[in-house]
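As structure tokens, the structure follows; a few thoughts come after it.
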Amino acid sequence: MKAAVFKGAGQPMRVETIADPTPAAGQLVVEVAYCGICGTDLHSTREGPAMLPCNSVLGHEFVGEVVTLGKGLQGSWKTGDRVCALPFLSCGGCAACLGGRPFECASLSCIGLNAPGGFAEYVATSECNTLKLPDQLSTRDAALIEPLAVGLHAVRAGSLQAGQRVLITGAGPIGLAVALWARFLGARDVVVSEPASERRALALSLGATAVVQPGENLGEQFADVAGGPPDIVFECVGAPGLIQQCIDIAPRRGMLVPVGVCEQPDTILPFPALIKELSIRFAIAYTRADYETVIAMLAQGRIDASPMVTAVVSLDDMPAAFEALRSPSNQCKVLTRLAGR
Ligand SMILES: [Zn+2]
Ligand SMILES: [Zn+2]
């Protein structure tokens, strides 16, 4: 099969012919229709502790059709089933897997990180983490399930109540997904801080009630537009210093949910958080229940995240599009559409 293969930091991926995946027991092979490019993919192909080995195949935001069934499957799968999957190969039998929390499985491999991913014609998935797509949901819209599930998981972690004021730092795909769910779940103010004008416009189209500029006076700007401090702050940038700024902005007994991926050392002064009795609740990934909710809301037409997709490229064009995302651009979510479709 054709796949985009990581060739080391500083080099674009190369589209090569590699062996097709064969499904292990409890696995399915999916012919990939779309696979989104994620910020995590950029992180894990940069020099640093998270960098993947040479010849890895990335891509965890994939959707497609079942083409091969492994042995020992529990469900009634058939070839041609349109599916998405939590990008985890997991045992399927432990309490975490059975509870729909495969991210906590002791024998976890992550598809697109340490297991082959979806920037390829075919990808192997665990049956227990694979979900059928309803007929009403287009395959292309389904390509956004993964980032939407990250956003939903974060908003659930923040225990958002209808009527609360919410601040979101950053309007990348995750900040936008958080904005969409915060609005969906009834936040009275959904204020997004973001410097790039195209992303500010996207934030407004996906659920933000106001956008503000990041900077030292972020707290004052928030209070100006929302009439009070944020009950919940979602930090969706992942740069040093931002958790401290969010602590300083939060009110007494406020909630801070760091969602952005920060791989550099960061210092915080705990005292202001202590004085305010802040809750700080980190959030990563998603559960099967998050996926099921996203799928249902998309299929019922109750959310529309399609403005997030700013480009669709072929597998051959993906390596260049991927590298372009390393510099500031107007792109938000770039989907790879696999060859032959
Ligand atoms: Zn992702
Ligand atoms: Zn397990």
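The values are calculated or read from the model by the stated rules, or taken from the named source; none is laboratory data. Keep in mind that this is a model prediction, so the values were computed, not measured. Backbone-built Cβ (ideal geometry, glycine too); neighbour counts: all protein chains shown.
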- [ ] Kindly indicate whether any position in region 63-79 is in contact with a Cys (Cβ under 6 Å, 6 or more places away or on another chain) and closer than 30 Å to Ala320 by Cβ.
- [x] yes
Task: Selection status of Leu167, modelled with pLDDT of 95 or more, surrounded by 24 or more Cβ atoms within 10 Å (Cβ to Cβ), among the aliphatic types (A, V, I, L, M) and outside any helix (DSSP H, G or I) - done: yes
Task: Answer from Val63, Val83 - the residue that is within 16 Å of ligand 1 (Cβ to nearest atom), assigned to a strand (DSSP E or B), within 23 Å of the chain's Cα centre (by Cα) and crowded, with 16+ Cβ neighbours inside 10 Å - done: Val63
Open item on the list: Return the residues of region 102-115 that are more than 16 Å from ligand 1 (Cβ to nearest atom) and either buried (at least 20 other Cβ atoms within 10 Å of the Cβ) or of a type in the set (Phe, Trp, Tyr) (or both); say none if nothing qualifies.
Closed with: Cys105
TODO: Give the residue that is farthest from Glu198 (Cα to Cα), with candidates limited to residues of region 283-341 that are at pLDDT below 95 and polar (S, T, N, Q).
DONE: Ser327
Task: Index of the failed condition, Leu176 passing every other in (1) at pLDDT below 95; (2) within 15 Å of ligand 1 (Cβ to nearest atom) - done: (1)
Open item on the list: Show me the helices (runs of 4 or more DSSP H) found entirely inside region 91-158 where at least 2 residues are within 10 Å of ligand 2 (Cβ to nearest atom) and without any contact (Cβ under 8 Å) to a residue 24 or more places away in the chain.
Closed with: 95-98
